[in-house]
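The values are calculated or read from the model by the stated rules, or taken from the named source; none is laboratory data. Source: prediction; values computed, not measured. Neighbour counts run over all protein chains shown; Cβ positions are idealised from the backbone, glycine included. Calculation scope for accessible area: heavy atoms of the full protein, side chains included, ligands and nucleic acids excluded. Shrake-Rupley method; radii C 1.70, N 1.55, O 1.52, S 1.80 Å.
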Amino acid sequence: FAPDVQELVEWLRSVPPCAARLPPARAAAHPLRVATLNLLADCFVNAKWYPSTPPTALEPSARLAAAARRISEIDADVVCVQEATSASLNGLADTLAGTYIVSALCANDPTSAPVPNGVAFLVKVGGALQTAWAVQRVVSTTEGSADAILSTELRLAGADGEVASVPFALLNSHLAIRAAGSAQATVLLLWARDFLRANPHGMLAWAGDFNLEPRHHLVPAMLAVGLQDALGWSDTPTYFPDPGGQVQRRAKRYDYLLYSAHSLALERSGGRMTLAAEDAQGGSEGEGDSDLDAGQKRPRGEHGSGDGGKGRAKVATLRQALAFSGSDHIPVVATLVPIQGLLK
């Protein structure tokens with residue numbers, strides 16, 4: 001772990017990915033829809049963190065049902081989940097059987113939590129990941145925080161019409177807080193840099209609960225690797241704590257979906273990028289909308305079928321987030337497409 005952030009940024013910038021050799025961001029028609037959601041592990045639900053929240057709003061089976069419903073409605077090709085447990089993954093596998101394949105739990109090890117928890121992937125059956133995929137578990141720090149990397153290949157047509165396989169990696173993280181989280185993020189930043197160096201046309205996304213806000217000192221390092229945020233580094237909240245809790249009291253932007261900007265772009269709509277966190281949120285002053293979908297005015301499913309946004313759920317409080325996604329976090333969603341001319 002490099003203690004000096006500026007030194008880390010310069011190190012990461014050395015021999016950057018092949019962005020300078022690629023054409024301007026013009027998207028090809030090979031969309032990959034990715035989402036991330038912190039499920040809120042049952043073992044973290046206690047009176048210290050949720051003193052003013054009614055127990056009925058935190059009931060495990062109701063929260064899991066809400067999470068499964070939200071995942072189904074988002075209709076992503078891959079969903080990254082954090083604070084997953086064996087019980088929650090089994091429940092999602094049963095509820096979403098035939099629609100999603102649930103990966104094994106990549107649990108923190110060691111952990112101070114009473115129940116092992118960590119990260120996992122849900123991969124849509126018949127979705128964009130047409131070839132075999134594999135998951136690698138990465139324990140980044142001595143504290144035991146686990147991350148996971150899903151690796152596969154996406155088949156793309158080049159300028160000559162020939163189809164080629166391009167490496168794709170999706171990192172799934174729940175970063176620890178403070179110094180441990182910075183060390184954990186540094187391991188993944190170096191992994192991302194090495195992946196993009198080894199695969200000049202490779203595509204990479206990094207999603208999860210980062211436990212940091214957009215003005216954090218690690219953001220320049222993420223930019224140095226060539227990563228952009230699907231929500232444009234907006235501080236629009238994705239995490240809603242109990243206002244009476246002893247740990248956090250203010251809604252914050254903690255959840256991210258980053259992508260390699262030299263090889264991926266956000267899906268265009270109507271000839272322009274519809275990336276605007278305020279549009280996605282449907283308001284300002286911290287008044288949230290449903291999923292934070294970077295590429296569309298409204299998410300797929302319930303609100304994405306030409307209803308003009310009618311009936312869109314507003315999320316501005318913990319109670320609303322729990323009802324909406326079964327968690328104190330709301331999903332972040334983006335539809336990514338390879339840059340046209342990537343295989344030239």
Q.
Please list, in order along the stretch 101-106, the HN-Hα scalar couplings obtained from phi with the Karplus expression 6.51 cos²θ - 1.76 cosθ + 1.60 (θ = phi - 60°), rounded to whole Hz, x for Gly and Pro.
A. 9, 9, 6, 5, 6, 9
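Would you mind putting 229-236, 322-329, 46-53 in packing order, based on average other-beta-carbon counts within 10 Å, highest first?
On the way: 229-236: 20.9, 322-329: 23.9, 46-53: 14.6.
Highest-to-lowest ranking by the protection proxy: 322-329, 229-236, 46-53.
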Q: Obtain the nm distance between the two label points defined at Ile177 and Asn90 by a simple spin-label model: each point lies 7 Å from its Cα along the Cα-to-C-beta direction.
A: 3.1 nm
Q) Mind listing the phi-derived Karplus ³J(HN,Hα) values for the stretch 209-223, rounded to whole Hz, using 6.51, -1.76 and 1.60 with θ = phi - 60°, and x for any glycine or proline? A) 8, 8, 6, 8, 9, x, 8, 4, 5, 7, 4, x, 5, 5, 5
Q: Arrange the residues Trp206, Trp191 by how much accessible surface each exposes, largest first, with a 1.4 angstrom probe.
A: Trp191, Trp206
Q | Under the Debye formula (equal points on every Cα, no solvent term), log10 I(q)/I(0) of the stretch 40-131 at q = 0.11, 0.15, 0.22, 0.24 Å⁻¹ | A | -0.34, -0.61, -1.12, -1.24
Q) In nm, to one decimal, how far is the Ala97 label point from the Arg137 one, both placed 7 Å along Cα→Cβ? A) 2.5 nm
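Which GluC sites (Glu not before Pro) in the stretch 135-217 pass both tests, a DSSP loop state and at most 14 other beta-carbon atoms within 10 Å?
Working: sites: Glu143, Glu153, Glu162; in loops: Glu143, Glu162.
Listed in order of number, the matching sites are Glu162.
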Q) Which residues' amide hydrogens lie under 5 Å from the amide hydrogen of Asn38, considering only partners 5 or more residues apart or on another chain, with H built in the peptide plane? A) Gln82
Q: Please work out how much accessible surface Thr152 shows to a 1.4 Å probe, ignoring ligands, DNA and RNA, in Å² rounded to 10.
A: 10 Å²
